[in-house]
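Read the structure below first, then the notes.
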Amino acid sequence: MSISEHNIPLVGIIMGSQSDWEIMSNAVTLLQELKIPHEVKIVSAHRTPDRLRDYSTSAASQGIKVIIAGAGGAAHLPGMTAAWTHLPVLGVPMQTHTLSGQDSLLSIVQMPAGIPVGTLAIGKAGAINAAIMATSILALSDPQIEKRLIEWRTQQTESVALTPV
Ligand code: RP5
């Protein structure tokens, strides 16, 4: 039986602010398409540090297998989450008005050795790819999830027209 049939969230999607939701909702859409149970929460490294600690330290025991963390600017959420948990953490840098998201990207990617964050692209592509990568991680130990992922990838390939219109 696939772990995705239990309906216990396997992927935790967290974001630093309500303002991140427009981008992070793209990760949710992908997980819905791939039928991966997930949960979504606002967890701010700076404004709700206790929530960050509580979420990160309890995620594994709650059944979460992968955490996707989106944040912008001084984007400490993915890194601090990774500091609190051994679960894989995928970081999605938000595009920002002031520095175009380069601030977010560098804040997330430049982790010290020993505490990794798998860092995706800035913005929508990063959110989508984080969901696909989370599914890939789950697929390593679940043949049904692997089958759905391969089908999704095949459909994507087949949807690309040879000739532009
Ligand atoms: C970060 O600060 C959030 O992840 C967000 O991207 C950024 C701005 O947050 P708001 O001021 O819009 O709430 O913590």
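Please treat every number below as a calculation from the coordinates, not as lab data. The structure displayed is predicted, hence computed values, not measured ones. Cβ coordinates were reconstructed from backbone atoms using ideal geometry, including for glycine residues, and neighbour counts include every protein chain displayed.
A few points about this structure:
- If you go through the range 1-18 and pick out every residue that is within 14 Å of the ligand (Cβ to nearest atom) and over 13 Å from the mean Cα position of the chain (by Cα), you end up with 2.
- Single condition Trp21 does not satisfy, out of (1) free of Cβ contacts under 8 Å to residues at least 24 places away in the same chain; (2) within 16 Å of the ligand (Cβ to nearest atom); (3) within 17 Å of Met133 (Cβ to Cβ): (3)
- Filter result for Ala60 (of a type in the set (Gly, Ala, Ser), within 15 Å of the ligand (Cβ to nearest atom) and either out of contact with any strand residue (DSSP E or B) (no Cβ under 7 Å at 6 or more places or on another chain) or in contact (Cβ under 8 Å) with a residue 60 or more places away in the chain (or both)): no
- The range 73-116, subset within 14 Å of the ligand (Cβ to nearest atom) and touching a residue at least 40 places away in the same chain (Cβ under 8 Å), residue nearest to Arg47 (Cα to Cα): Leu77
- Residue within the range 135-142 that is more than 28 Å from Thr57 (Cα to Cα) and not acidic (Asp, Glu) present: no
- Index of the failed condition, Gly123 passing every other in (1) on the phi < 0 side of the Ramachandran plot; (2) within 13 Å of the chain's Cα centre (by Cα): (1)
- Looking across Ile36, Ile67, one residue alone is among the hydrophobic types (A, V, I, L, M, F, W, C) and within 16 Å of the ligand (Cβ to nearest atom). It is Ile67.
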